[in-house]
Structures are given as C-alpha cells and as structure tokens.
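> The structure is given below, and queries will be raised subsequently.
Please treat every number below as a calculation from the coordinates, not as lab data. The shown structure was predicted, so the numbers you read here are calculated from the model rather than taken from an experiment. Backbone-built Cβ (ideal geometry, glycine too); neighbour counts: all protein chains shown.
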Amino acid sequence: MENLKTLVDSLYLLKPEIAISCVLVLVIIMDLIMDKNKTFLPYVALTGFIITAFLVVEQYFFKTSITQNLQKLLVIDAVGAFFKLIVILASCLIVYFSLISKEVKEAFDRHGEYYALICGMVIGMFFMISSADLIMIYLSLELVSLSSYVLAGFTKNSLRNSEASLKYFVFGAMSSGIMLFGISIIFGLTGTTNLLAVKSVMAAGGNSLTFLFASILIFAGIGYKISAAPFHFWTPDVYEGAPITITAYLSIASKAAGFALLIRFITLGYVQQIDASGAWQLVAGSIDWKKFFTVISILTMTLGNFAALWQDNIKRMLAYSSIAHAGYLLLGVVVLTNQGLSAVILYFIVYAIMNLGAFLVVMLIANKIGSEEIDDYKGLGYATPFLGVCMAIFLISLTGLPPTAGFIGKLYLFTALIEAKMIPLAVIAIINSVVSLYYYIRVLKHMFLTRPQNEDLVINTSFAEYVIVLVLAVPVILFGIYFTPIVNLAKNSVALFLQ
Amino acid sequence: MLSLITFLPIVGMILILFLPKTQAKIIKSLTLAITGAQVIIAAFMLGSYNYTMAGINDPKSFQFIEKFQWINIANFPLLGNIKIDYFLGIDGLSIPLVLLTAIITFVATLASWKIDKSIKGYFALFLLLDTGMMGVFVALDFFLFYIFWELMLLPMYFLIGIWGGPRKEYAAIKFFLYTLFGSVFMMLVMIGLYFSTQIVDNGTKIYTFNMLAMMDPKNFVANGILSPLNPNNLRLIAYIALFIGFAIKIPMFPFHTWLPDAHVEAPTAISVILAGVLLKMGTYGILRICYPVFPEITHQLIWFIALFGMINIIYGALCAMAQKDFKKLIAYSSVSHMGFVMLGMASLNTIGISGAVLQMFNHGTITAMLFIIVGVIYDRAHTRGIYEFGGLATQMPIYTGFTTLAFFAAIGLPGLSGFISEAFVFLGAFQSTNIRVITAVSTLGMLLGAAYMLWTLQRVYLGQLNVKWSSLKDLDFREYAMLVPLSIIIIFLGIYPSAMLNLMNSSVNAMVKFMAEAPKVFGSLGSL
C-alpha cells in the first residue's frame, strides 16, 4: 500500500511520458475511426508533441534534482529533460518534414501506423533517457528499436528500403542480445539490476574481470544506438535505405537518446562522486572509461570521416558524417567532467539544427529531382539558389567553420579537451574535421562549381518549405555569431547534475 | 569607424542579395561605391592618425578603439565567467594594411567589371571576402580575429571555384584544405592561450581571448598549458603550430604549393586580392600574434624564420625563372618577395621590421599591378604563354610603359617603392649578426629577381611582334583607372617613403623594444 502511494505521488514526474502515450492511443483510434481521411493525423501527432514539449520544459525547471523515486527505476533531472526536449522538438520537425515529403505522401494509406510508430519511438526514447535500471534500459531500448525497424522499411517501394529494415533488425537483434548477455552477467554477480546498487557492490570490492567484460558488453547495445565504431555497420545501409524523414529522425533523436543513456549509464553505474570542480571520479578499480572512450571516439570519427570521402549517395555520406559526429560527441564524454557534458549538450543543440537542416534540403531536392546521388546535384545551386545557399550554411556548419553554430559546438568540445590536457586527442579530432571539409564541400562543388546538366531546370520552393528551411538555417548563423543563449542552456542543464 | 569600414561590405552584400539578378550595372556600381567609401574612410583615418601612439602590446595607445562586450556567460563549469569582447583597434602595424586592403579591393572591383557569369553571386561573395580581410587587420581579440580569418575562406573558395579557369575545382579545394589545415591548429593554440591568460574583471579572475592581455606577463596563469609559468608548457610546439598556420598563408616554403595553382586558376581580380592582401595576412599574423605573444620562442627560432625567408627568396625566384605561364611566373615572384618580408621580420630591429611592413605594403601594390597587367593581356589574347608573345611594345606602347614600371618596381630599382623596402630589409638583416650569412645568400635573390623580370620583359614586350597579335588594342579607360593609382603610389613611395615609414615608426620601435626586453621577463617567470 505504501508502495502504491509513492507510485501515485511520483506520477507527476511522468507527465510527458503519459502525454505521449495518450497521443499514441489517440492516433491509433482516430486512424481506425476515420477510415479513409487521414490528412489530419499528422496534425494530431504534432499537437500532441507540442503539448508534450511544454510538459518537458516544465520538467526541465523542476528545481531539485529528483533521483531514487519511481521505485528506483528512473531518474528525472535537467539533463534528462534537455535530451527529452531535443527528442520531442526533433519529432515535431519530423512530422512537419513528413507533411512535405513526397516519399511519405506516397504511402498515404499507412499514415496511421507511421505516426503511431513515431509516438512509440518517442515513448521508448523518453524512458531510455531517464532509466536507472538495467532492465528498464533494455526494455526502452527494445521499444525504440522495434518501432524504428518498421519505420526504416516504411515506404516498401524499393528493395533498398526492405534491405535497410532487415539489416537494421539483424544488427539490432544482435546488439541487444549482446547487451542482454552483459546485463545477465551483472545480475549474476551482484544480484541486482539497479545501477546504483550495482555501483555500491562494485565499490565494496566486487570488482573482477568478468565485471569489466560485462560492462563492455552492455556498451555494445548503447554503442549501437549512437552508431559508434565498431557497432556502426548498420548505419550507412539503413540511412540510405530508409525514407529521408526517418533517416533524419534516427540521426538526431535516436542518437540523443543513446547519448543520454550512455551518460546515465556511466554516471549512475561507475562514477563515485562529482567533485566541486565538476570532474567525475570513477569508482576505484572500475573499467577505465577514459581510455576506453578515447579509443572508441578516435575510431568512430576517423572511420566516419574517411569512409564518407568515398560516398556517392548523399544520404550515405550524411550517414558516415553522423558516425563522425558521434565520434566528436564522444570527445565530450571522454573527459568525464561536467564541462565535457555541457559541451556534449551544446554540440547536440547545434548538431540537431544543422543535421536536420541538411537532411531537409536533401529531402526537398529529392522531392523535385527524384535522386539522392551527389552526381545529380550538378548545377543545382543555380536551379535553386535559396536551397543551395542554405545547404552551404548547413554543410559549413557541419564542418565546423565560423561564423556558424557548428564552430561554437566544436570550440567547446575542444575547450573541454584542452582543459583536460588531452592534446593528442584534440589534434586527432581537429585533423578529422579538416578531412570532413573535403566531402562536405564536394556537395557544394557539385551544386555551384559545375554547370547544370539541364539548364532550364528550375526548382520552386513553396512557402511551407521556405519557412521550415529558414527556421533551421537562421539559427545556424545566429548562434554562430551570438551564442550566449545556447551556452547558457547547456550550462543550466548541467548545473544540478548529480549534486 | 573601424566597424564601419569592416562591416560596410556586409551591408552591401545584403543589399545586393535583394537586388534582382538582371540589374548587373547597379550591382557593380554599388560594389564600387562601397569599396570607394572604404578608401575614403581609410584616407580619413590616415588623416586623423596620431603618429606618436605605439600600440603593439599597450591597449591604451591603440587608435580608433571599439570595445564592447559580446559574449557574457556567468559560472560556466570549470571555465568560470566566459567573457568575449568585440575589440577593434589599429596601430602602426595594421594601418598600412588597412589602407592596402581598401585600395586593393577598390582596384579589384574595377578589375571585376568584365565578370559576366552570375554577377550577383560574384559581388556578394566579393564583399563578404572584403569584410573578412578588413576584419583580420583590425581585430585585437583572438577569437574575433579567428572568426574573420575563417570567414574569408568560403568566399575565396567559391570565387576561385566558380569564376576560375579550367582547373578551378582543384585549385579551389587545394586552397581551402591548405588554409583550413593551418587554421584549425591556430584554433587549438587559441584555446590553449585562453587557458593560460587571466585578467581581473569586476574583482574576479576570468580567462580571456584578448591578444594584448596574452602579451602581458602578469596575466599568466600558473598552470596554464601555454603559460611560461608552467614548467611543462607546450609553448614551443604551440608556436610552431601557430607559425605554420600563418606560414601557409604567406606562403612559406614548403607550404607554398597552393599558391601557383590558385593564382593561375583565379580570375584576375581575385588574383589581385590574393596576392595583394591575403598573403599579407600571414606575415601580419606572425607580427601581431606570434611575435609579441611568444617573444622568447621567437628569439629561439629566429634563425629558422630567416632561413625559410631565404629559401622563399631563392626558391621562388628560381621557380619563377622556369615558368612558361606569365601568371604562374608572377605567382612565384610573390613567393620570392614574401621571403623578403620574412627576412626583414627575422632581423628584430627597427630598420628590418619597418622594411618588412613596408615590403608588405609595396608588394601588395606592385603585385596587384603585375596581376592586372597579366589580366590585360589575357583578356585580349586569351593566352598567357610567355613564349607566344614578343614585341608587344610596338603594338601596345602605353601598356608596355606601365609594365616596365611595375617590373622595375618589383626588381627594386631605386626611385620606385620596391627598392626602399628591400633595401631596408637587407640593412636591418645585416645588422642582426646571427643571420648575417643567410642575409648574404639572400641578396642573390635580388639578382635572380632582376634576371627573371628582365628576361620576361624581353620575351614578351621586346623583339619582333608576332603577327597574330597585330590587332591588340592598347589600354582602355577602365584599365587606366586601375593602373594609374597604383603607379602613383609606387612612384610616390619610391621618392618619399617617409610617408609610410613615419606611420609605422613608433609602433615598430615599441615592438622592437618589447621583443628585446620580453625574453628576460618571460624567461625569469618560467623558472619560478
């Protein structure tokens, strides 16, 4: 009875999750009632997402950091709320993208399941972001994965599409299997699945090689979600095959949830305490995450950047680029400090805007010319100067050149690294970003430096498209010149982190 | 004032973006008006410039200062309060280059008059580039400096890549990758310096990007990675990284290979900007940042700076001699002439550094003129092969007259501006005992310079006229408008160099004094 009371009392902490579940149910019911007319479904989802976004914002401002309620299954704090905010805002934008996407429109009769599955993913990601228990982690990860397998193969119209879905499923099943194996070992060793309890057992000397091994196995599942090398193999094929809206969604929301989970996993399970300067002190004798992440991060960004150099399909190129960005983001985790965490958060704000922007332009162009091959972009800058210039802004920002927001994101990551005196890693990362220039600029080269194959081709942009592109392009420049707001947001998000 | 001269082109760019594509004439006139306004503002600044104020490391004696708070974030984890200032100002080092930038962009606008492809895009990018260049010379905050430095990469890439010659794509990406490679290391050094410098702001210590604060020993942080107080500091490595970042722009051997490609492919106006202004950013950066922020390391490595200067001089001249393409020849002559700047800087005395700064200005005007000359002949003949011409003097006498003037100025003939700066460089460098041998060898460069220039003059302009070119017309009004002002400057500074030398004198003196005293201060702090 006592338990039930705490449960009911802490229910208010789950407002966003409850809201989004209602949206899910609503979408399904409406889809069933209104048999043929489905035009309003995206608006229902969009409204639901916006309401949820407000609830998440409310959660962000919960003054005290609340841990250890909800049966020790979840943690609700500002960092989590921030990542939820990224997820829900990305979801809103993706719904908007879907409204103007030709690909999605063509699968008109299955819109109900499309939006329902997105809602399902959101619920999964929300739980992923706040879970503090290995079982919870596993369940939420599976919820996200299962929804996204279906979404990746949603359009069904091409072989690539089905291939993407199947590959995603096979790799996903494999990773979560490995992860589950790791969880079972830890449960066997400690008799608990709660990360905090696991930590205390470990601190009491329950450490062993087996334990280390199990931690790495669990990381396999997380690494798969953030597409860190060597768990990235699914990414290029899935990104290329899936509808662009879903590709963009996976590259932002799913990655955000993955990173939140990673941070949660490390801080709850392995960090003894966070000292006054904000450095994370690992439990004595635990796995050396610093070295581990250094290796993973170098591997991820180098592999992503170099593989991207040889891609001819722009979605595939952006897939490798998103792998490389996962590597950059890991740089913020490597240092194991609050400052690094705020750099990750800052980079996520920027990355979400610029990557969504790049995918949006790719989608709008694919809507018109029906191709995603970089070779078909020849001279497009002249056919559609507006989209061309915006693409240039997004790609330059992805490279990390001033005066764009991408530069500010990179600057803070490197600041965190140099503050931690990890100079060699900073040098490797910075050389990587020079390499990345080559493939990003290649797209611009095709768009502007070569003459169009078809001189008469003119791509018109509708008002709805103008608005959404500008909504993403303007902040990229604005935050590049005046970045106080985003840095403050990052700062405030970590201010109460585990203290 | 400085904001106006820096951001006026951006305003112009925005106006141009709103103009319809078809209004080519208005777009061109607007650009000309803006660059003209820049020249007027620069002239006005020259008029009200106080010759006695030194600048260099003393924030109070900079002129036309503009300082506002730009970024202000309180209590960031580990970093404390983050404050970045919008801090502009000029001293005797930067005012010649501000003048140069204004003049060269104005001339380059005229040189762009015949652009016929995507005029709107061209002039918009051109103006963006202008802002970037001007900003680099007036920024006194490292962060701001870096933003301007990177800002001009993208417009330059497109200007070469879209309006360039047959191998434009290769040349453009090569330029971009080379420069970016250099500047990303500059960013790491910038962050390192940020963590090594603290100033007191409202009673609390905060890290700063302020360049002038980085030059003041009392601002060093005890354990900053680039602080002389830290026994394990990485100052030497940081210096080399920063130096290479600038050296790529100069371009210093062995990082010079982007330059001939970029020049050959770029349209005339862009070559003019590239040689006239962009190369100076490298040497300016070294003088503005490398020297006063790392004075003790500069003393350690001064011999190498001189050595690379010498290599540039000799190697550039030899390469120039072997060229068959007129434009490539001028490009390599730039490599050689920028070597003089490096040699002058390495002398670390007033005469040498004055010579170096003067050489930057003179090389800017002379090379701009040389590239215009190449452009003139290329416009008419559509070829730049040196061996395809001959005897142009009879066909185009006035044009040949201007060419001879520019060539003689480049060789360093007394009475023209090039002579003064090269003479100063050598005078200064000979006084510096440890680089005397290098200086002696470098004088060979003057000889080689005369050789390739005169030989080119002979091959292109003297001898029998090739009948193929008997229909070439002499200069038109627009070309006069470009060549005459530059010729006047070249002759004027050849006869009365004090006009420019007085301008930079107190700053150069302050710099030499600072460089002479600083190693002691920096060194003793290091052993604490």
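> Put +1 on the Cβ of each Lys and Arg and -1 on the Cβ of each Asp and Glu in chain A; which of A:345, A:493, A:416 then has its Cα farthest toward the positive end of the dipole?
So the residue we want is A:416.
> Let me know the volume per residue of the alpha-carbon convex hull for the stretch A:407-499, in Å³.
Details: hull volume 14.1 nm³, N = 93.
For the stretch A:407-499, the hull spanned by Cα atoms encloses 152 Å³ per residue.
> So what J values fall out for the stretch A:96-113 if you push phi through Karplus, 6.51 cos²θ - 1.76 cosθ + 1.60 with θ = phi - 60°, rounded to Hz, Gly and Pro as x?
Calculated HN-Hα couplings, in order: 4, 4, 4, 5, 9, 8, 5, 3, 6, 4, 5, 8, 4, 5, 10, 4, x, 5 Hz.
> Set the Förster distance to 56 Å, then compute FRET efficiency between residue A:464 and residue A:139 from the Cβ-Cβ distance, nearest 0.05. Present the calculation step by step, with values, prior to reporting the outcome.
On the way: r = 38 Å, r/R0 = 0.67.
With a Förster radius of 56 Å, E is 0.90.
> Across chain B, where is the longest run that never hits trypsin sites (Lys or Arg not before Pro) in a DSSP loop with at most 13 other C-beta atoms within 10 Å? Present the calculation step by step, with values, prior to reporting the outcome.
Numbers: sites that count: B:21, B:114, B:117, B:167, B:324, B:473.
So the longest stretch without any such site is B:168-323.
> So if I take the centroid of the Cα atoms in the stretch B:203-253 and the same for the stretch B:291-330, what is the distance between those two points in Å?
24
> A follow-up question, please. Spelling out what I want: for every residue of the stretch A:171-178, take phi, set θ = phi - 60°, compute 6.51 cos²θ - 1.76 cosθ + 1.60 (Karplus), and round to whole Hz; glycine and proline get x.
5, x, 4, 4, 5, 6, x, 4
> So if I place +1 on the C-beta of Lys and Arg and -1 on the C-beta of Asp and Glu, and nothing else carries charge, what would the dipole magnitude of the protein assembly as shown be about its Cα centre? I want it in debye, nearest 20. Write down the numbers at each step before the final one.
On the way: 59 positive and 49 negative charges, 187 e Å.
It comes to approximately 900 debye.
> Next up: Among B:117/B:468; A:445/B:324; B:249/B:328; B:25/B:117, which pairs are too far apart, with a Cα-Cα distance over 19 Å? It would help to have the intermediate numbers written out before the result.
On the way: B:117/B:468 28 Å; A:445/B:324 30 Å; B:249/B:328 17 Å; B:25/B:117 13 Å.
Checking Cα-Cα distances, B:117/B:468; A:445/B:324 exceed 19 Å.
> Report ³J(HN,Hα) in whole Hz for each residue of the stretch A:420-433, in order, from the Karplus equation J = 6.51 cos²θ - 1.76 cosθ + 1.60 where θ = phi - 60°; Gly and Pro get x.
Computed from phi, the couplings for the stretch A:420-433 are 7, 6, 9, 5, x, 5, 4, 5, 4, 5, 6, 5, 4, 6 Hz.
> Could you compute the FRET efficiency for residue A:288 and residue A:50, with r as their C-beta to C-beta distance and R0 at 41 Å, rounded to 0.05?
Values: r = 43 Å, r/R0 = 1.06.
Using R0 = 41 Å, I get an efficiency of 0.40.
> Right, here's the next one. If you put +1 on each Lys and Arg Cβ and -1 on each Asp and Glu Cβ, how big is the dipole of the stretch B:300-528 around its Cα centre, in Debye rounded to 20? Each step should come with its number before you reach the end.
Numbers: 12 positive and 8 negative charges, 51 e Å.
With Lys and Arg at +1 and Asp and Glu at -1, about 240 debye.
> Right, another one. Lys/Arg Cβ at +1, Asp/Glu Cβ at -1, dipole of the protein assembly as shown taken about the Cα centre: which of B:391, A:389, A:23 is farthest positive-ward?
It is B:391, whose Cα lies furthest towards the positive end.
> Which of the pairs A:38/A:255; B:21/B:114; A:368/A:410 have their Cα atoms more than 27 Å apart in this structure?
Numbers: A:38/A:255 30 Å; B:21/B:114 16 Å; A:368/A:410 33 Å.
Over 27 Å Cα-Cα: A:38/A:255; A:368/A:410.
> Treat each spin label as a single point 7 Å out from the Cα along the C-beta direction, and report the residue A:277 to residue B:202 distance in nm.
Taking the simple label geometry, residue A:277 and residue B:202 are separated by 2.5 nm.
> So for the pair residue B:470, residue A:484, with labels modelled 7 Å out along Cα→Cβ, what separation do we get in nm?
Simple spin-label model gives 7.3 nm for this pair.
> Additional query: Reachable aspartates and glutamates from residue A:84, Cα under 14 Å, same-chain residues fewer than 8 places away excluded?
Within the straight-line limit of under 14 Å, residue A:84 reaches these aspartates and glutamates: A:17, A:58.
> Would you mind checking which residues have amide H under 5 Å from residue B:70's amide H? H placed 1.01 Å from N; only 5 or more apart, or other chain.
B:84, B:85, B:86
> Give me, ordered by chain and number, the residues 5 or more places off residue A:194 or on other chains with an amide H under 5 Å from its own placed amide H.
Answer set, sorted by chain and number: A:134.
> Still on this structure, please answer the following. Go ahead and run the numbers for FRET between residue A:110 and residue A:454, Cβ-Cβ distance against an R0 of 30 Å, rounding to 0.05. Spell out each step's value before the answer.
Values: r = 34 Å, r/R0 = 1.12.
With a Förster radius of 30 Å, E is 0.35.
> Taking the Cα centre of the protein assembly as shown as the origin and placing charges on Cβ (Lys, Arg +1; Asp, Glu -1), which of B:74, A:175, B:292 is farthest toward the positive end of the dipole?
The one lying farthest along the dipole's positive direction is B:292.
> Could you please report the charge total around residue B:94, scoring K, R as +1 and D, E as -1 over all other residues with beta-carbon less than 11 angstrom from its beta-carbon?
Working: positive: B:280, B:288; negative: B:91.
Overall, the nearby charge balance is +1.
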